[in-house]
Amino acid sequence: MHILGIESTAHTFGVGVVQRQLNEKAEIVSNQLAKFPSTQKGYIPRELVEFHSNHFKEVLEKALAEAGISIQEIDAVAYSQSPGIGHCLHFGYIISKTLSVFLGVPLIPVNHAIAHVEVGKFLCNARDPLVVYVSGGNTQILARTKVGRNHYYKVYGETLDIGIGNFLDQVGRSLNLNPPDAVGVLLNAPKGKKFIRLPYTVKGMNLAFSGLLTAINRLKEKYGTKDLCYSAQETAFSMLVEATERCLCHTRNPEVLLCGGNARNKRLQEMMGFMCAEQETRFCVAPDEYNGDNGGMIALTGLLLYACGKIPEKKEPDQKARVDSQPIPF
């Protein structure tokens, strides 16, 4: 069995293929993508869709070639239904629906946030983790819980304003970094030598980053870029680790899984790992390739839905659907 996964929630168009033979464990056999480059003006939905339309054929062909299969060997098409940028979600839906109709195979809508969690669990062999989901638009601390007869990912804590990824991207643009995003902050932070006190906002297990961003914009003429990057990153990550530790003391999950695009930051991994060691909890993080947006995670989650026979009936994109709004049938 081969499941094709299409990711198109934001700046990345990705295609992945998951294969599972009878009585064998699933395997991600292909994971190809094209990413819209960061710019000083940020991401404009119309330009993102144009980028996706220019690259989807090439990415699809590369994914099939890497998997060593033809398009006719696909048994189902999964796609990122929510949440994300409306224009991008709609483009991915149209491509996926077209392939589904052309091939005569099922169309499987996948929640992008759940896919980040499931691919991390799969690759780390994690069973019941407390999940720290850190991406551009999302910052959430969640864990699987049972409500009635269904299981959901319950959100114990989250950002009250902007996601940690968007915060770091805006810092990169404000300080005119190269690249002007979270990667620019990551590259400059280790070079900082002076820690600058910045607003630190943790409310129970929730966080807020807008005050931190405002302070950086106000202080950028007074302090050096590298010191600001260092201080911004240390402060934001300390907030996240504190909220996670507080939640872990409440839930006592045996593992902590860090996932999402910003999980690739080695300093965040280091800080979260220190906390988990003190709490005698296993720390898990997937390889970088599967923490950024990618088609492999969509294909894997699509396979889980397909295998249990619980494909959601609603197929149209849902820009604002939350991770805790959808039951987990697998």
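The values are calculated or read from the model by the stated rules, or taken from the named source; none is laboratory data. Just so it is clear, the model here is predicted, and its values are computed rather than measured. Please note: Cβ atoms are built from the backbone with ideal geometry, for glycine as well, and neighbour counts cover all protein chains shown. Please note that ligands, DNA and RNA were not included when accessible areas were found on the heavy atoms of the full protein model with its side chains. Shrake-Rupley method; radii C 1.70, N 1.55, O 1.52, S 1.80 Å.
What the table shows:
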item: Virtual spin-label span in nm between residue 27 and residue 307, 7 Å along Cα→Cβ; result: 1.5 nm
item: 1.4 Å probe accessible area per residue over the chain, in Å²; result: 44 Å²
item: Three semi-axes of the equivalent ellipsoid, segment 137-286, Cα gyration tensor, whole Å, largest first; result: 29, 16, 13
item: Beta bridge orientation in the chain: antiparallel %, DSSP, nearest 5; result: 60 percent
item: Given charges at beta-carbon only (K, R positive; D, E negative), |dipole| of the chain in Debye; result: 840 debye
item: Residue-averaged [θ]222 nm for the chain, counting only DSSP H segments that reach four residues, each worth -39500 (n - 2.57); result: -13500 deg cm²/dmol
item: Neighbour net charge for residue 208 - beta-carbon separation under 14 angstrom, K R +1, D E -1; result: -2
item: Globularity index of segment 140-197, i.e. its alpha-carbon radius of gyration over 2.2 N^0.38 Å; result: 1.68
item: Estimated FRET transfer efficiency when R0 is 51 angstrom, pair residue 316-residue 176 (beta carbons, to 0.05); result: 0.80
item: Segment 88-197: chymotrypsin sites (Phe, Trp or Tyr not before Pro) falling in loop per DSSP and having at most 13 other Cβ within 10 Å; result: 195
item: Relative contact order %, segment 1-154, counting alpha carbon pairs below 8 Å whose residues are six or more apart; result: 20 percent
item: Relative contact order, percent, segment 200-330 [alpha-carbon distance under 8 Å, six or more residues apart]; result: 19 percent
item: Rg/Rh for the chain, where both radii come from Cα atoms and Rh is the Kirkwood radius; result: 0.97
item: Cα point-scatterer Debye curve for segment 79-178, base-10 log of I(q)/I(0) at q = 0.13, 0.17 Å⁻¹; result: -0.65, -0.97
item: Share of pairwise Cα separations in segment 196-258, more than 15 Å, in percent; result: 55 percent
item: Amide N proximity, segment 233-247 versus residue 279 label position 7 Å along Cα-to-Cβ, cut-off under 14 Å; result: 238-247
item: Net charge, residue 164 excluded, C-beta distance under 14 Å - Lys, Arg +1, Asp, Glu -1; result: -4
item: Rg and Dmax [Cα atoms of segment 222-267; Å; Rg one decimal, Dmax integer]; result: 13.7, 44
item: Highest-first arrangement of 124-130, 254-260, where packing means the average Cβ count within 10 Å; result: 254-260, 124-130
item: Under the Debye formula (equal points on every Cα, no solvent term), log10 I(q)/I(0) of segment 283-330 at q = 0.14, 0.32 Å⁻¹; result: -0.47, -1.19
item: All-pairs alpha carbon distance profile, segment 17-166, 10 Å steps from 0, percent; result: 9, 31, 36, 21, 2
item: Proximal lysines to residue 222, defined as alpha-carbon separation beneath 17 angstrom and excluding residues fewer than eight positions away on the same chain; result: 193, 194
item: Cβ-placed point charges (K, R +1; D, E -1), dipole of segment 150-269 about Cα centre in debye, nearest 20; result: 360 debye
item: No Cys partner within the rule (Cβ under 4.7 Å), the chain; result: 88, 229, 247, 249, 259, 276, 308
item: For segment 66-114 versus segment 303-323, the gap between their alpha-carbon centres in whole angstrom; result: 11 Å
item: Highest to lowest packing among 142-148, 296-302, 108-114, scored as the average C-beta count within 10 Å; result: 296-302, 108-114, 142-148
item: Base-10 log of normalised Debye intensity for segment 201-330 (one unit scatterer per alpha-carbon) at q = 0.18, 0.20 Å⁻¹; result: -1.19, -1.27
item: Net charge dipole size for segment 33-124 [Lys, Arg +1 and Asp, Glu -1 on Cβ; Debye, nearest 20]; result: 300 debye
item: Rotationally averaged projected area of segment 153-233 (alpha carbon convex hull; nm²); result: 5.6 nm²
item: Distance (nanometres) between label positions extended 7 Å along Cα→Cβ at residue 58 and residue 149; result: 5.0 nm
item: Dipole of segment 37-110, positive end: most advanced residue of 64, 99, 40 [Cβ charges, Cα centre]; result: 40
item: Contour excess over end-to-end distance, with Cα ends at residue 194 and residue 246 and 0.36 nm allotted per residue; result: 15.9 nm
item: For residue 161, solvent-accessible area (1.4 Å; no DNA, RNA or ligand), Å²; result: 60 Å²
item: Loop GluC sites (Glu not before Pro), segment 1-53, which have at most 16 other Cβ atoms in a 10 Å radius of their Cβ (DSSP); result: 24
